[in-house]
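What follows is one structure encoded as structure tokens, with my remarks underneath.
The values are calculated or read from the model by the stated rules, or taken from the named source; none is laboratory data. Not measured: the values here are computed from a predicted model. Note: ideal-geometry Cβ built from the backbone for every residue, glycine included; neighbour counts use all protein chains shown. Remember, those area values only see protein heavy atoms, side chains included, never the ligands or the DNA or RNA. Shrake-Rupley method; radii C 1.70, N 1.55, O 1.52, S 1.80 Å.
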2 protein chains.
Amino acid sequence: MIDFSHTAKNMRSSEIRRLMKLAADPSIISFAGGMPSNDLFPIAVVDELYNGLDNKTKQIALQYGPTPGYPPLLEELKKYLISRGISLEGQELIITTGAQQALNLVAKVFINPGDCVVAEYPSFIGAIAAFKSYDAELLSVPLDRDGIDIDALKATMQANAARIKMLYLNPVFQNPAGITYSDERKKQLIEVLKNTPYCIIEDDPYSELYFDDADMQKCTPLKTMAPDLPICYIGTFAKIFGPGLRLGWLLGPKDIVDKCELAKQSMDACSSTFTQVLAYEYLSKGKLAPYLAWLRPIYKRRATLMLDALKANMPPGVTWTIPQGGFYVWVTMPSSINATDVLNKALAKGAAFVIGNAFDPQGVKNNTMRLAFSFTAEEKIAKGIAIIADAVRELV
Amino acid sequence: MIDFSHTAKNMRSSEIRRLMKLAADPSIISFAGGMPSNDLFPIAVVDELYNGLDNKTKQIALQYGPTPGYPPLLEELKKYLISRGISLEGQELIITTGAQQALNLVAKVFINPGDCVVAEYPSFIGAIAAFKSYDAELLSVPLDRDGIDIDALKATMQANAARIKMLYLNPVFQNPAGITYSDERKKQLIEVLKNTPYCIIEDDPYSELYFDDADMQKCTPLKTMAPDLPICYIGTFAKIFGPGLRLGWLLGPKDIVDKCELAKQSMDACSSTFTQVLAYEYLSKGKLAPYLAWLRPIYKRRATLMLDALKANMPPGVTWTIPQGGFYVWVTMPSSINATDVLNKALAKGAAFVIGNAFDPQGVKNNTMRLAFSFTAEEKIAKGIAIIADAVRELV
């Protein structure tokens, strides 16, 4: 018999598969999936872009591409990153098979079994899974409404200085907390990080999805504010075009990203040239800005409906974050309530979300839930929240 | 400063990037890239398939998909595998981001640092890279024109019994050797493997690309012939549709493939739904068979031209394999000749190939070269081979 009980020991069970099923069930109002609803994808734009390709480009689209990415896409993406205020000096950019691969690559390059990664509490499930798949130990530092708790971060770093390899941060419209680091907090964080030898992953999937233009400045990446820090900046087309393209990117110090490129070569050789060609056309033909302009008020309305429904329905003692963009509201219930019980009751009545312990790097705390407003049609939001609030009320 | 000198230590340098550059240089006749030439891709078929999609399917194409793959594609692929005589009983199938990811996933699940993988000599560069990226030790067993040397395999297995985790085999139109295991050799191999506890990877990218229908039977997978062995069978759309889709598959014992699915979840979450939708349409609309029927005689002509040119130009003492399909001819020169010297001379005169030591699991033997006939237009083949033969002649 084949024995592999000793390997792959820290991989999480297939949470995504379950969420996809819930999301696909028309009888369930799902706030579970961290994804756009299907009707929001720019399919007419894709038609136009695909049918505008010449035959030579279609041939390139079906061929292998260089491991770092389709060169015209890399050039367009560099222009885009510069427009976000990011300096490319000393940096290398590669295209990845989704932001998930970028996380995995940095983890592969840095983590030896037992190394520590500092993550926010709560933190993105996919990042936790990537770090654990290399047998990292996760240390978590709580978030408040203005960002990571600086004193707790300092204490964690001091207590584990020799074992820490990386910090993983998602400062804008954080998944799952929905909060955004304040300018002040970002500055304090940068001060702390200046004196550390660790690689910093800045995961930034949502920062284009602010609700109000006035909040755009809050979305400035750490990478822009602290060009000298060793920040691996991760972005994705998933939230600004479509997740099905499986295209993300990693921008970081050249010596790190070169190692990641080698790791990618043995991981999948290159990302889909076909979808990279579409992404290049999308950026170079100026399709991003109008799509975002159309998308932002839609997400703002969905968020507003969700927040209004929470206010109208949740019992006292339940609190939630107020996002200014992104996809998520994070709900905290009295500590006596277990989100799994809430979920079971809610599912029976037709609503779904993701229980909080999925986002706890320690996998424990579970009086919390993540509600994604991105996936759910406006007319269903109030009803879905009422179902979940009823379930909470039964358990208070 | 960030220290990661201790990690990622066994990753190979970016050979693919160099080969892509050579392949893209119009002044070089390149036999280096193991890929179809761009003019062979079925772009009219892709046009037809894309423009036949309804809007609902286009939306699905832009969305996340389940980690194991787009369900309609999995169903079509199962029908295809059954048509190849493969039993699905007790097996699980997942879609991977190219065959390269399938190799990497099995390696991730099985290999701990220092574990041994038995590979053919010569062996596929991408597989070697995947195994080494998990710090495997590679043991190599020579191929002859009928397949792996059974006595040498037995000896290697006996000498390293406790340390071996996996065998990696590419029995049909082997990359880079171009040979195909005889029926007799396959049967001997299966007898040997019946008594071993090891996972067996059967990499099978080329078996649809036989030159003559009469040879079809030789392309029968080990997986078909030995359904009870723990074979992880890896296939790809790269050679039967287009590498730019980045779609491969892994079929193997359920307990193994379930672990691979978990690993994939933290590696890239899912493969591109967009290209999976196209691959589904391609299979379900019956586009594969006519494309292969068109493609086979083209590759046969290219191979024939290459073999004729080798015969006409190579000096005595140089031998090569005679492929009956696939992409490759493997050339062995007198042991005094270093393929790197040949390559440098050939490049200066406008022809390229891959030097043999890239395919040596030990990275040593270098009196060999891989010539891919798949990428090069008919009218250039004789000229390119003449350049390489001249280079060899100068060094004999």
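Observations
- Being touching a residue at least 40 places away in the same chain (Cβ under 8 Å), surrounded by fewer than 22 Cβ atoms within 10 Å (Cβ to Cβ) and facing chain B (nearest Cβ under 10 Å) is a property that A:Asp115 has.
- The residue that is most open to solvent (accessible area, probe 1.4 Å), among those in segment B:354-368 that are of a type in the set (A, V, I, L, M, F, W, C) and closer than 13 Å to B:Ile125 by Cβ, is B:Ile355.
- Taking the listed residues B:Ala348, B:Ala389, the one that is in contact (Cβ under 8 Å) with a residue 24 or more places away in the chain, in a helix (DSSP H, G or I) and farther than 30 Å from B:Cys116 by Cβ is B:Ala389, with no other qualifying.
- Filter result for A:Arg145 (surrounded by fewer than 16 Cβ atoms within 10 Å (Cβ to Cβ) and more than 14 Å from chain B (Cβ to nearest Cβ)): yes
- Looking only at residues of segment B:291-318 that are of a type in the set (Ser, Thr, Tyr) and under 18 Å from B:Ala372 (Cβ atoms), we find that the one that is least open to solvent (accessible area, probe 1.4 Å) is B:Tyr299.
- Residue match in segment A:77-95 (condition: at negative phi, surrounded by fewer than 19 Cβ atoms within 10 Å (Cβ to Cβ) and either within 12 Å of chain B (Cβ to nearest Cβ) or at pLDDT below 95 (or both)): no
- Residue pairs meeting the criteria (Cβ under 7 Å; at least 6 apart or on separate chains; first closer than 18 Å to B:Leu283 by Cβ and more than 9 Å from chain A (Cβ to nearest Cβ), in segment B:47-73; second part of a loop (DSSP other than H, G, I, E, B) and open to solvent by 10 Å² or more (accessible area, probe 1.4 Å)): B:Leu49/B:Lys285
- So A:Gly69, is it surrounded by 15 or more Cβ atoms within 10 Å (Cβ to Cβ) and among the small types (Gly, Ala, Ser): yes
- When segment B:84-105 is filtered for residues that are touching a strand residue (DSSP E or B) at 6+ places or on another chain (Cβ under 8 Å) and within 19 Å of B:Tyr206 (Cβ to Cβ), the ones remaining, listed by number, are B:Ile86, B:Thr96, B:Gly98, B:Ala99, B:Gln100, B:Gln101, B:Ala102, B:Leu103.
- Flag for A:Tyr50 being touching a helix residue (DSSP H, G or I) at 6+ places or on another chain (Cβ under 7 Å) and either at pLDDT below 95 or within 23 Å of B:Met35 (Cα to Cα) (or both): no
- Selection status of B:Gly235, in contact (Cβ under 8 Å) with a residue 40 or more places away in the chain and facing chain A (nearest Cβ under 7 Å): no
- Among the residues of this structure, B:Thr340 does not count as one that is free of Cβ contacts under 8 Å to residues at least 24 places away in the same chain, outside any loop (DSSP other than H, G, I, E, B) and open to solvent by 20 Å² or more (accessible area, probe 1.4 Å).
- Within segment A:375-396, the set of residues being more than 22 Å from A:Ala24 (Cα to Cα) and buried (at least 23 other Cβ atoms within 10 Å of the Cβ) comprises just one member, A:Val392.
- Being touching a strand residue (DSSP E or B) at 6+ places or on another chain (Cβ under 9 Å), buried (at least 22 other Cβ atoms within 10 Å of the Cβ) and at pLDDT 95 or above holds for only one residue in B:Leu229, B:Leu209, B:Leu278, and it is B:Leu209.
- Test: residue in segment B:320-342 that is under 30 Å from A:Leu105 (Cβ atoms) and of a type in the set (A, V, I, L, M, F, W, C): yes
- B:Lys154 fulfils the conditions (1) in contact with a helix residue (DSSP H, G or I) (Cβ under 9 Å, 6 or more places away or on another chain); (2) crowded, with 17+ Cβ neighbours inside 10 Å except for a single criterion, (2).
- For segment B:264-299, filtered to residues that are touching a residue at least 24 places away in the same chain (Cβ under 8 Å) and in a loop (DSSP other than H, G, I, E, B), the residue that is farthest from the other protein chains (Cβ to nearest Cβ) is B:Lys285.
- From A:Ala136, A:Ala177, residue being in contact with a Lys or Arg (Cβ under 9 Å, 6 or more places away or on another chain), surrounded by 14 or more Cβ atoms within 10 Å (Cβ to Cβ), small (Gly, Ala, Ser) and within 14 Å of chain B (Cβ to nearest Cβ): A:Ala136
- Scanning segment A:239-254 for residues that are of a type outside the set (Gly, Ala, Ser), assigned to a strand (DSSP E or B) and at the interface with chain B (Cβ under 10 Å from one of its Cβ atoms) yields a count of 1.
- Look at segment B:197-214: where a residue is within 14 Å of chain A (Cβ to nearest Cβ) and over 18 Å from B:Pro290 (Cα atoms) and a partner is open to solvent by 30 Å² or more (accessible area, probe 1.4 Å) and of a type in the set (Val, Ile, Thr), sitting 6+ places away or on another chain with Cβ atoms under 7 Å, you get B:Pro197/A:Ile2; B:Cys199/A:Ile2.
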